[in-house]
Every structure is written in structure tokens, then in C-alpha cells.
Amino acid sequence: MTRRVFLHYLTVGVANMIGSAGNTRCLSYTDGEFLDELERSAFHYFVEQTNPRNGLVRDRDRPDAPASIAATGFGLVAWSIAAARKWVSADAALDVILAALRFFAHEAEQVHGFFYHFLDFRTGERYQEKWKSELSSVDTAWLLAGVLVVKEAFSSHPQIQKLAKQIEERVDWRWMCDGQLTLTMGWTPEEGFLPARWDKYAEHMFMYLIGLGSPTFSLPKESWDAWERNWTEYKGYRYLDCPPLFTHQYSHAFVDFRKWRDRYADYWESAVQATLANRQFCIDHADRFKSYGSNSWGLTACDGPDGYRAYGAKEGWHDGTVAPCAAAGSLPFAPQECIAALRFFRERFSKRLWGRYGFRDAFNLDRNWWATDTLGIDQGITLIMIENLRSGRVWRWMASDSTLQRGLKRAHFFSRTPHANRA
């Protein structure tokens, strides 16, 4: 099935790929072609690394890799985009989407509606081969992001509506708080709740918003106020402090913060500033690290010479490792700078960095290290943010969701006054 789907979308003309442009005023025709190639390549990951029997997506492109529920959530969005752009037929996308929804509604092990972070790719059982995977609060949220997106993308499909409702309404957000206002990061049957909490600004805003908006086990309103928002500044760029760039991207993949803010922050402007600061940090350290430059930047969580690590634009958080998905995930925030970086990676390092699914994970020139793997969540954020830049489609789908609408209201969001466009 997956090979047939891939061959189908590979033959679709570029004219059908461009779609309805909602955010493309800043893009040239060649930019559009380049982003189309990158977006389609990222989707190829979800064609080949998805188990059609249960909809699970591998964490990375290795035969022995477990499935990741976050990558699976991003995969649900990817198939929805592919159907909307006619890369695949609606029936082909529905085959995968329904397989995933049925699995999580009826088969996957869950506790109070939360799922284990990593699952066996074939059986769907909790992954315990190398470590005992935890029930993950934030990764369940990324899975739910995909569930809510497909509910809106296929709003007239009764089975999708029924399954999505069952999965969402089972999640007991208050249980995951363990008696406090902030959410814990997870739970295991062996140790109970993890001691770490989502109590400082990070990627978790979307999780809190859908928790606040839950129709069944909603978080108290005070939960939105309970986590810290600390500010930092670098070379005139002021933004919420959390060094890895993905933390400024993931919630924005699903919530169009161009339109909304709360009393604490303009989260859209913070993400713009964090992106530009990340780039400037690399420019300022280019004399020490060969990988860094004005068009070679992007510090985020990724593979590195010494294993997976959360890299960021802060001393002690970097070693010269650059990840293309960092620039790709910030495309809506700084299109010109991000496209320039992505083109540079494609043109300069194509033989070492480009593979079946677009960019491999990362590189480090000082260590002469090149990633051999491609990661599902990195291809997911690449695909989703390209789509948001080109059409705003994922933002529009999520904006129609009643859970997110309730969450924004309970968190007291109000209309944002846009900043003047950057020159």
C-alpha cells in the first residue's frame, strides 16, 4: 500500500502541489519550488516509515527503531496535508488515519488516556527493549494534535469524528498534575509520576491549551498562570528563555499565535526574536565553529557527535552541531533567513546531508560528523511549518477545533496587535 501511494504522489504535477497560497507573498517562484521539494520529501518519510496496520510512525528511519507517538501525531497531520494537496487520494490517506485512530481508541495501552512515549513499531506494545518507556504528557499532546487536526480535516467523516472524540475525551489532564497546578512530564508503573514538571516556558503551550479546553477532564484555569515565563535577551533580541529552538516552534505549528496573545507575552513575536537570536548567535560564534555562519545556523534538539542532545543558542548548550530542521521549523517566523539557510544546506552539503526524506538530522564540520538518521518529529515539524508558511492550512484546521477555542478563552487570550513587518 505505501509503495503504491508514494508512486502516486510522485507523479502528481507541480501545479497541483502549490495549492492555495495563504502566506506566500514573501516567496519567489523558485522558493516555492524548493519548499515544495522539501515538503514532499518530508512526507515521503511518513509514507515509508508508517506501519499501515496500526498507523504507528517510527521514531527514526532504522528498521529496529520503536514508534514514537509524537511522530505518529505529526504523521496524521502529514497525511491530512497530502490528501488536501492531492499528493495522495483521500481514500489512501484515510486508510492510514483510520488505522491509527482505531489503534489508539481500542488497542494501545493507556492510563487515564495517556499513552507511552515509545511503542513497538509492529505490535504497538510499550517499548521496553532498551529502556522502559514512560507515559508522556507532552508526547500524548502531540499525538492529540494529529487527532484534532484529522477531526477538522475530515469533518464530514463520521467514523473519524467518533474515534477522535473517544481518544480525546479519555485524557484525564488533572490526574497528570498529581495534585498540583502544573503538569508532570510523565508516569511509569514502576516509579509513579516523574519528578520533572512543565513549570517553565518550553514547548508545552499547546498541551496546556488543549488541557484547559478538554470537554471532560479539563485543567483548572490557574494552570495557565502557574508556569514561569522568564525572558532573556541576546544582541537586542528579546524572547522567552528556552535555548533549543524547537521549544519556540512546536506549539506554533498548531496555534496561529499571529492572532492571539495573553497578558504575559506576545508569543509570536517571541518566537520571531528567538529565531533571529539563534541565527545571530551562530554568526557570532562562526570564528570558533566551522558549521556556523549567516546561512548555516540552527541549534535545537537533534542527533550530535556524542548522541542525541538538546542544543541551543546559549553558552554551554552548543558544540558546533547544526540541524536543518531548526531553520525549517522557523520558516513562518523568518522566511527569508530560513530559506537562505535551507538552500545553503541543500546546495553546499547535498551529498552528505540530503537523503530519501530530505535533510538528514544534523552535521558538525569541526568533528567531521554527519548524521546517518532521519527523525520523524524533525520531518514532521519541517512539513507542517512549510505548509503553514505556504497556505496556513494546519493553523486553519486547528482554529476550527472547539477544544482549542475553549482553551484560548479559559487562558484569557485576546486579539494580538501585529508588529510592523520587518524590512
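The values are calculated or read from the model by the stated rules, or taken from the named source; none is laboratory data. Predicted, not measured: the structure shown is a model, and the values here were computed from it. Cβ: placed from backbone, ideal geometry, glycine included. Neighbour counts: every protein chain shown. Heads up: the accessible areas ignore ligands, DNA and RNA and are worked out on the full protein's heavy atoms, side chains in. Shrake-Rupley method; radii C 1.70, N 1.55, O 1.52, S 1.80 Å.
What the table below lists for this structure:
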{"quantity": "Residue-normalised accessible area of segment 29-415, given per residue in Å² at a 1.4 Å probe", "calculated": "36"}
{"quantity": "Cα-based shape type of segment 95-215, given that a ≥ b ≥ c are square roots of the gyration tensor eigenvalues and the cut on a/c is 1.5", "calculated": "oblate"}
{"quantity": "Within segment 193-221: backbone nitrogen closer than 20 Å to the Trp231 label point (7 Å, Cα to C-beta)", "calculated": "200-203, 205"}
{"quantity": "The chain - percent of accessible surface contributed by carbon and sulfur, probe 1.4 Å", "calculated": "48"}
{"quantity": "Net charge of neighbours whose Cβ lies under 15 Å from the Cβ of Ala328, counting Lys and Arg as +1 and Asp and Glu as -1", "calculated": "-2"}
{"quantity": "Listed residue pairs exceeding 22 Å between alpha carbons, taken from Lys132/Lys200; Lys314/Lys351; Lys290/Lys314; Lys200/Lys221; Lys86/Lys162; Lys290/Lys351", "calculated": "Lys132/Lys200; Lys314/Lys351; Lys86/Lys162"}
{"quantity": "Peptide ranges 293-306, 133-146, 51-64 listed from the most packed, as the mean C-beta count within 10 angstrom indicates", "calculated": "133-146, 293-306, 51-64"}
{"quantity": "Gain upon complete extension [Gln166, Glu37; 0.36 nm per residue less C-alpha separation]", "calculated": "42.8 nm"}
{"quantity": "Amide H contacts of Arg261 (H built 1.01 Å from N, under 5 Å, at least 5 apart or other chain)", "calculated": "Phe414, Arg416"}
{"quantity": "Residues with amide H under 5 Å from that of Phe114, placed H, sequence gap 5 or more", "calculated": "Asp172"}
{"quantity": "Cα gyration tensor category, rounded, prolate or oblate, for segment 308-353 with a/c compared to 1.5", "calculated": "oblate"}
{"quantity": "Mean residue ellipticity (222 nm) of the chain, computed from DSSP H runs ≥ 4 via -39,500 (n - 2.57), nearest 500", "calculated": "-13000 deg cm²/dmol"}
{"quantity": "Backbone HN-Hα couplings from phi across segment 41-55 [Karplus 6.51/-1.76/1.60, Hz, Gly and Pro as x]", "calculated": "5, 5, 5, 3, 4, 6, 6, 8, 10, 10, 7, x, 7, 10, x"}
{"quantity": "Sorted peptide list for 322-331, 160-169, 103-112, criterion being average Cβ within 10 angstrom, highest first", "calculated": "322-331, 160-169, 103-112"}
{"quantity": "Residue-count net charge about Trp87 - beta-carbon cut-off 11 Å; Lys, Arg +1, Asp, Glu -1", "calculated": "+1"}
{"quantity": "Cα shape, the chain, gyration tensor, a/c 1.5 rule", "calculated": "rounded"}
{"quantity": "Whole-number percent relative contact order across the chain, with pairs defined as alpha carbons under 8 Å at least 6 apart", "calculated": "18"}
{"quantity": "Area accessible to solvent at Glu315, 1.4 Å probe radius, in Å²", "calculated": "110"}
